[in-house]
Every structure is written in C-alpha cells, then in structure tokens.
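Data block below; observations after.
Values quoted throughout were computed directly from the atomic coordinates according to the rules given, and no laboratory measurement underlies them. What you are looking at is a predicted structure, and each value in this text was computed from that prediction instead of being measured. Neighbour counts are summed over all protein chains in view; Cβ atoms, including those assigned to glycine, are modelled from backbone coordinates with ideal geometry.
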Amino acid sequence: MKIIKKLKKVKSFLTDKEFANAKNLSHVERLKSPVRTEIINFLLTLTDCNNYLEIGVRDPRNNFDKINCPNKYSVDPELEFKSNQVDFKYTSDEFFSKLKNNELKKIDNTIKFDVVFIDGLHISSQVEKDIINSMHYLKENGFIVLHDCNPPTIHHQREDYQFINSPAGILWNGTTWKAFYKFRHHKDFNSICFDTDWGVGVLTKRNLLSFNKLSETIDNNYFEYSILDEKRKQHLNLIDFNYWKKELINLNS
C-alpha cells in the first residue's frame, strides 16, 4: 500500500499544472537563440574591445573561453567547478575589495573594462553589489551584462537553489531580475533585456537603439513576480536580439 501511495504521489506531481507549465516553458527557453556568448561578443565589437571581465565562471568552456577579447579576466571562488583555472579565485566582493586596494597581481585599480559579465550568485542583493562595483571600473561606452534576468516562472526565481523539489527542478535563475529591474530606473544608465538564454540584461550609459530607462509610472515597489509576469516586456524592456542587431546594423550602415 505504501508503494502504491508513493506512486500516486509521483503521478500527481507529473500531472500537476504548475509542473507541466514550468516544464514546457523551460523547454521553450532552451530552444531560444542566440546564447549569451554571441551577445557579449557582438557588444564587444561596439567598444574598443580591450578588457573583458567575467564574474561567476564555473566552467570556462561554456562562455569565457569563447569570448573574443585580447585581455580577459575571470573571477570565481571555485565552489562548483574545482578544476576551473580562473584568474582570481575569490568571491566578487573579495575581488573588488582587493582591486580597489591594488592587491592584485595581474591588474591594478586604474583598469577599465569594455564589458563586465555578471553571472555569479543569483541573489538580488549580491547582484546589486556586483553591478555597483562594476560601474566603478566600466568605460564610458562600456556594457554591464547580466544573465538570468527573465525567469519563466515563479519557481525558476526562487531564492534558494537547493530547493529543487519544485516545478523548475534544478533550473534556477534566482532573483537577478530584481536587481536588473532596480537599475532600469538608474538615471545614468539605459538598459535592455534580450529575450533569449534565460534573459540577457544589458546596462550602459550609451543611447543605443531600443535601450531605455523604466518610466516611474511603471512600478513594482515590492518586486512581486506576478507583476513582473504581467508587465514583463515593459519591466525588462524585453526584445529579440537578432531583430535588434539587424536594426542596429541597418541604422549604422
């Protein structure tokens, strides 16, 4: 009887609407293209393309190794991928603290990056700190790029990665979107979110095609997912990357 009850419980999970919806949306997201690597490499072509920084590398083969920039720097505490030979084996907080105090061997605190890619701890408070710290070392025409800004369901944006007994399973975007949404209001930065690879958010001081700031009339003071889901395109400035790239090239040709 106990085995039968367990089987019925498993079956109820598999047929639950939340589980089915999350599974379907996860599948749809995985089919989207391009991935973040192509977006970062294109953004680098819009800069001097001298210095690139990646925060949260995990496996460098997934993105870092494929970035086209002469000077690339990686930051990761190596908690998940032990054989990752990063440049700076620190948390992002430790890295920026040491950079500020000129305690790093490979670079000093006068460095400016063309692109900073943030893909570390996906908790809004940490992402916010990473954005603020990155701003101090960003070129005037540079870009801050964030991964996982467009979680397809409330389960993908849970705060605790370890809670995998959910409709999203092991897939986790965290609450990165909250930090990105907050900086969509920043007076000095314009932003966009490309609708691919779980949402690739971009912040820049430049006035580029389709980049904008979030109007004060469109607000989500308590960072509620239901409001994000209802006004996703406006909240994130969600745009298809291939369409945007084509329009930008046509505009500058």
Expressed as a whole-number percentage, the relative contact order of segment 65-201 with C-alpha contacts under 8 angstrom and at least six residues apart is 19
Dividing the mean separation of Cα pairs under 8 Å (6+ apart) by the residue count of the chain yields a relative contact order in percent of 17
If each part is reduced to its alpha-carbon centroid, segment 140-158 and segment 176-253 end up apart, in Å, by 10
Sequence order, segment 51-66: Karplus ³J(HN,Hα) from phi using 6.51 cos²θ - 1.76 cosθ + 1.60, θ = phi - 60°, Hz rounded, Gly and Pro as x, gives 10, 10, 10, 10, 9, x, 9, 6, 9, x, 5, 6, 8, 3, 5, 9
In whole percents, the bins of 10 Å from zero upward hold the Cα-Cα pairs of segment 29-252 as 8, 34, 39, 17, 2
Of segment 38-66, those with amide N under 17 Å from the point 7 Å along the Cα→Cβ vector of GLN85 are 57-66
Computed over all unlike Cα pairs, the Kirkwood hydrodynamic radius of segment 14-105 in Å stands at 15.6
Over all directions, segment 191-248 yields a Cα convex hull whose mean projected area in nm² is 4.4
Between the modelled labels at GLU140 and ARG61 (7 Å from Cα along Cα→Cβ) the distance in nm is 4.2
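Over all directions, how big on average is the projection of the convex hull of the alpha-carbon atoms in segment 144-253, in square nanometres?
Working: hull surface 28.9 nm².
Approximately 7.2 nm², given one-decimal rounding.
In this model, which of LYS178/LYS233; LYS106/LYS245; LYS205/LYS231; LYS106/LYS139; LYS23/LYS178; LYS205/LYS245 are farther than 26 Å apart at the alpha-carbon?
Violating the 26 Å limit, Cα to Cα: LYS106/LYS245.
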A student applying the Cα gyration tensor rule (rounded when a/c is under 1.5; otherwise prolate if a/b is larger than b/c, oblate if not) would label segment 131-202 prolate
